[in-house]
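The values are calculated or read from the model by the stated rules, or taken from the named source; none is laboratory data. Keep in mind that this is a model prediction, so the values were computed, not measured. Here the Cβ positions follow ideal geometry from the backbone for every residue, glycine too, while neighbour counts run over all protein chains shown.
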Amino acid sequence: MSGSFPSLCGKFIIAMPGMGDARFEKTVIYICAHSDEGAMGFIINQPLEAPTTSEFFCQLEIISQEESLSLTNSVLSNTLHAGGPVEPGRGFVLHSSDFQSEATVEVNKKVSLTATLEVLRAIADGKGPNANMITLGYSGWSAGQLEDEIISNGWLTVDADEDIIFDKRNDTKYSRSLKLLGVDESLLSSSSGHA
């Protein structure tokens with residue numbers, strides 16, 4: 001990425017209190033693409049109550065209703081996540097790099113992104129990536145928008161931790177991500193002081 005702002009690809013951005021957008025309150029977003037043209041990422045700590053992974057797979061006709069009742073595949077018991085407000089009906093899979101297809105985009109050596117039925121079928125068959133998180137929708141920013149939000153103290157940035165991305169404990173991802181920076185969540189304030 002050119003300019004004075006470093007690429008945030010492969011990093012977490014962590015919402016600051018009082019950022020002014022309720023959709024992103026207390027969110028951690030994994031950035032998958034960042035260039036002069038904009039940025040794209042996925043909220044990793046907003047589980048969806050509905051649909052369930054099994055219901056989603058049935059809707060896409062990856063599995064049948066009968067299969068959803070008989071499958072013991074633990075992957076189908078995973079929770080879907082709200083990846084962001086853009087294209088909320090579209091599925092994306094953040095996953096470990098052990099799964100590759102022609103449509104897979106490598107974010108870094110440990111995390112890849114695939115947005116095809118192929119990866120969902122592989123997951124349903126138990127042949128998918130070792131670690132994955134299925135999201136509906138993504139978070140996107142136009143050119144310069146994310147940089148402006150960071151400069152305005154809307155987000156903190158830190159190197160991502162893959163264990164946090166794929167962990168099932170969504171309720172602690174925000175505080176654990178802040179701890180990567182050495183920040184205690186209870187000490188964050190929605191107003192900033194000036195010396």
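Tell me, please, whether a residue that is over 21 Å from E61 (Cβ atoms), touching an Asp or Glu at 6+ places or on another chain (Cβ under 9 Å) and in a loop (DSSP other than H, G, I, E, B) can be found in the range 111-123. Reasoning before the result, please.
At the first step, the residues of the range 111-123 found to be over 21 Å from E61 (Cβ atoms) are 111-113.
Adding the requirement that they be touching an Asp or Glu at 6+ places or on another chain (Cβ under 9 Å) leaves 111-113.
From what is left, the residues that are in a loop (DSSP other than H, G, I, E, B) are none.
For the range 111-123, residues over 21 Å from E61 (Cβ atoms), touching an Asp or Glu at 6+ places or on another chain (Cβ under 9 Å) and in a loop (DSSP other than H, G, I, E, B): absent.
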When residues of the range 45-65 are limited to those that are surrounded by fewer than 13 Cβ atoms within 10 Å (Cβ to Cβ) and closer than 11 Å to T79 by Cβ, the one modelled with the lowest pLDDT: A50
Report every pair of residues separated by at least 6 positions or lying on different chains whose Cβ atoms are under 6 Å apart, first residue within the range 76-89 and on the phi < 0 side of the Ramachandran plot and surrounded by 14 or more Cβ atoms within 10 Å (Cβ to Cβ), second hydroxyl-bearing (S, T, Y) and at pLDDT below 95. L76/T53; L76/S54; N78/T53; L80/T53
Per the list (1) aromatic (F, W, Y); (2) farther than 25 Å from K168 by Cβ; (3) not in a loop (DSSP other than H, G, I, E, B), residue check on Y30 breaks on (2)
Looking only at the range 167-174, decide whether some residue is touching a residue at least 24 places away in the same chain (Cβ under 8 Å), in contact with a strand residue (DSSP E or B) (Cβ under 6 Å, 6 or more places away or on another chain), under 20 Å from F24 (Cβ atoms) and not in a helix (DSSP H, G or I). no
